[in-house]
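The values are calculated or read from the model by the stated rules, or taken from the named source; none is laboratory data. In this text the structure is predicted, and so the values were computed from the model without any measurement. Neighbour counts are summed over all protein chains in view; Cβ atoms, including those assigned to glycine, are modelled from backbone coordinates with ideal geometry. These accessible areas exclude ligands, DNA and RNA; they are computed on the full protein's heavy atoms, side chains included. Shrake-Rupley method; radii C 1.70, N 1.55, O 1.52, S 1.80 Å.
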Amino acid sequence: PALTGELDLSSAKSAQISLTISNMNGDLIEAKTFPVTIKSKYDFEWYSNEYGVATQDNILCFLTPESEAISRLKRQAIEEISHMTGGQMNSFVGYQNNAWNNHYVGTYLQAAGLMRAMYEMGVRYNMDPFSLGGSDQHILLPEDVIEQRSGLCVETSLVIASALQSANMHAFLIFPPGHAQVAVEVWNSGSHQGEYFLIETTA
């Protein structure tokens, strides 16, 4: 087996894969063993010689909308939204009707509430290098970012995108050169339909 003993995916490990091919009567045709590296759950490959940039969509696997940490962030966001609106809006409703019945305002307030909540929970931008061109990047999951109260631009973007996704809001990860941001679509609001708020999660 590639992994033995207690499962720990916090660091990369060397392992082997054994392959045997036999015919139906059990006669061995071929047997080979290949060395492999099992990457940690934090390792992300933006580019590989074998697949090029085809692996970039795998960043979506780092979204954790149903994690307890994201639920805590949303609960804090409700407090922030209530404070910003003088108690007129005290829920995280996604695109459902809100206090103003205005999805443009409601979308903005929820995005702003999440940003304020992340700040109030002590999460700060970690200005370590970030590059879409490198082969391996160490990326924390949203719950680890909240627990450690620090994150790269891509990590804080994943936190906010996870929270928006948990409310069935349309969130997009955007990767300008050397950076990561989130956009959230304004939904069903007349002239604002198809517009987006760009969220700078390092602010």
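For the reader, a short list of remarks on this structure follows.
- In segment 113-136, residue modelled with the highest pLDDT [restricted to those that are touching a Phe, Trp or Tyr at 6+ places or on another chain (Cβ under 9 Å) and surrounded by fewer than 19 Cβ atoms within 10 Å (Cβ to Cβ)]: 136
- Leading residue by the ranking (modelled with the lowest pLDDT) among those in segment 83-104 that are crowded, with 16+ Cβ neighbours inside 10 Å and in a helix (DSSP H, G or I): 103
- Residues in segment 23-51 that are open to solvent by less than 60 Å² (accessible area, probe 1.4 Å) and among the acidic types (Asp, Glu) were compared, and the one that is farthest from residue 9 (Cα to Cα) is 45.
- Failed criterion for residue 64 (all others in (1) among the polar types (S, T, N, Q); (2) under 30 Å from residue 11 (Cα atoms); (3) in a helix (DSSP H, G or I) hold): (3)
Residue by residue, here is whether (1) touching a Pro at 6+ places or on another chain (Cβ under 8 Å); (2) at pLDDT 90 or above; (3) among the acidic types (Asp, Glu) holds:
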residue	(1), (2), (3)
14	yes, no, no
21	no, yes, no
28	no, yes, no
35	no, yes, no
38	no, no, no
41	no, no, no
44	no, no, no
47	no, no, no
50	no, no, yes
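- Candidates in segment 3-56 are the residues that are acidic (Asp, Glu) and in contact (Cβ under 8 Å) with a residue 12 or more places away in the chain; of these, the one that is farthest from residue 152 (Cα to Cα) is 45.
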